[in-house]
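A quick write-up on the structure given underneath.
Values quoted throughout were computed directly from the atomic coordinates according to the rules given, and no laboratory measurement underlies them. Remember, predicted model here, so these are calculated numbers, not experimental data. For neighbour counting, all protein chains shown are included, and Cβ atoms are generated from backbone atoms with ideal geometry for every residue, glycine included.
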Amino acid sequence: MNKKQRVNLIRILAATALLVLLAFVPAAGILRFFLYMIPYGIVGYDIIIKAVKGILHRQPFDECLLMVIATAGAIALALYEDGDYREAIAVMLFYQVGEWFQSYAVGRSRKSITELMDICPDYANIEGENGQLERVDPDEVEVGTIIVVQAGEKIPIDGLVVEGRSSLDTAALTGESVPRDAAPGDRVISGCINQSGLLKIRTEKEFDESTASKVLELISDASSRKSKSEDFITKFARIYTPAVVFSAMALAVLPPLILLASGHPGMWGTWVYRALTFLVISCPCALVVSIPLSFFAGIGGASRAGILVKGSNFMETLADADTVAFDKTGTLTRGVFEVTAVHPREMDERELLHMAAHVERYSTHPIANSLRLAYPEEADSCSVGRSEELPGEGVFAEVNGHKVWVGNTRLMERLGVRWTECEEPGTILHVAIDGTYEGHIAIADVVKPHSAAAIRELKRAGVKQTVMLTGDRSRVADRVAADLQIDRVYSELLPQNKVEKVEELLRSQGPKERLAFVGDGINDAPVLARADIGIAMGAMGSDAAVEAADVVLMDDDPLQIATAIRLSRKCLRIVRENIWFAIGVKLACLALGAVGLAGMWAAIFADVGVMILCVLNAVRCLAVPRVSGKDKE
């Protein structure tokens, strides 16, 4: 609770105590009026000031003016009749209670977002000429500079760890509670907190292009993009508020005039009271407050879970997504090669890997790196002699006096070596030693741990169709799609082909159906922009993909897609509940108030009571639906 909320709560409690106390004070006439004006002034002075400012700025028709007119009229009637002032004070008091609940709810949802706003450090450490650390502005650090991040400090700029080991707290960015390990060769993103050892990092981006800066930019942009529901409420309030003011004026004047014209008493006091009740009932606070608050809370809850939604309009579109299309590499798979199978002919599997790793010792190809990772003891006492790259075919090297070739089928055919077909998907490396075929090694892009669970959770969330669009070979794509149980797969696609397929999918959809596309690479940016809703992998995805997307997953976990869809649907469901409940109650109470069956206390419930209920309902958007833990492999 902030200072302003505490002050307002004290005002509410003080006014309530005075109101109870005055019930036992035997006062009448002008003294009674002045006594009751004390709690009224305590609880309502800021509303009166806002109403006056609205009139001065020629924007009078808001809830503050309605409150002031209604309570001032009720006070005037009570003064004229030496009646009860408590109803007028209660209207203002309960209105302030509703405002306090709204402020508290906004504070809770804003807290989730402001925690992210603190992810950018104010400085970066670089080593000076004397070896001492110097603090500099992160904006001044050039790409390729070595920065030092000590224990407890935030990483200011994205980069590559060149020295040191540590654990990183990524909760502010990804929502993950489990720290991530960082070691030499690992890429790290800005905004993470170094928990233990000292790290030296070579920067790969400028400060403005780093992850933390991009996240803050996305958050600031999100608040300016309104949903259709918010636009409807804004337009509704502009028309509705002046309409009810003039309707209340007509209710106060026309019936008495008609009664007088027909020879009956005008009953001015009765009809003015009904008009004031009508005004209190008609105040559109519940709609004007709860609808934007629902989206704001939804965006805040999502950001706390590491899901950045760039605006409430995208939250609304995401809720209607019934088809989800995926890129493969880097989205459903890790985007790195790993040895997935070793099939020797006669020698041991370990020995076949051993020989292949030695042949690839000096190669810079990603496949060579995967072989070295599979056989970490590669730098042993073995002798590696002459080595030669064979473009488009493979690599040759002399290992311990043996001539070893590692490459594709074209290399084996050129050597006249009879090779064996492999059923494993991915890249197949055939190995020949001294002209004899010794087996093959399968290397493939590995599926992410949660990809299969992500597809299952999407179908549980009501997504009708999952699609995979990839530039990879059909054999590999079909195998991945089958393993993950994806409904449709399109392979060997160029970037422009992906756009064409997305447009084809869009044409096949119904008017209320929406297509979401999930990707991470530069080549995915056109498709992310073309889809109804684009979802990008934010941690290791390209800047172009993050810019083009409408939703960004900060931990690159595809399982979060189902979480985002469920959250958006929950948010839209709460918005609709608030709209129907608020309008339904108000219309009923307006009708009852106009004919005198609903008094000021009913008006207070129709206004403040409904607003409090709608605000409390909106706060539910902060709770992020979680997928079942048993499905997380």
Taking a ≥ b ≥ c as the square roots of the Cα gyration tensor eigenvalues, with a/c under 1.5 meaning rounded and otherwise prolate when a/b beats b/c or oblate if not, region 334-447 comes out rounded
Provide the packing ranking of 246-256, 563-573, i.e. peptides ordered by the mean count of other C-beta atoms within 10 Å per residue, highest first. 563-573, 246-256
Based on Cβ point charges of +1 for Lys and Arg and -1 for Asp and Glu, what charge dipole magnitude is obtained for region 334-447 about its Cα centre, in debye rounded to the nearest 20? 260
Cut-off is 10 Å between beta-carbons; in what order do 67, 37, 554, 355 appear when sorted fewest neighbours first? 37, 355, 67, 554
Taking the beta-carbon count within 10 Å as an exposure proxy, list 155, 38, 428 from fewest neighbours to most. 38, 428, 155
Cβ neighbours within 10 Å, averaged per peptide: list 121-134, 10-23, 315-328 in order, most packed at the top. 315-328, 10-23, 121-134
Signed unit charges on C-beta, dipole axis of region 1-56, positive-most listed residue 42, 24, 9: 9
From the residues 382, 425, 486, which one has its Cα farthest along the dipole of region 366-487 in the positive direction, the dipole being from +1 and -1 charges on Cβ of Lys/Arg and Asp/Glu about the Cα centre? 486
Using only Cα atoms, locate the centre of region 450-499 and the centre of region 336-354, then give the distance between them in Å, rounded to an integer. 29
In whole Å, how far is the Cα centre of region 392-419 from that of region 244-274? 101
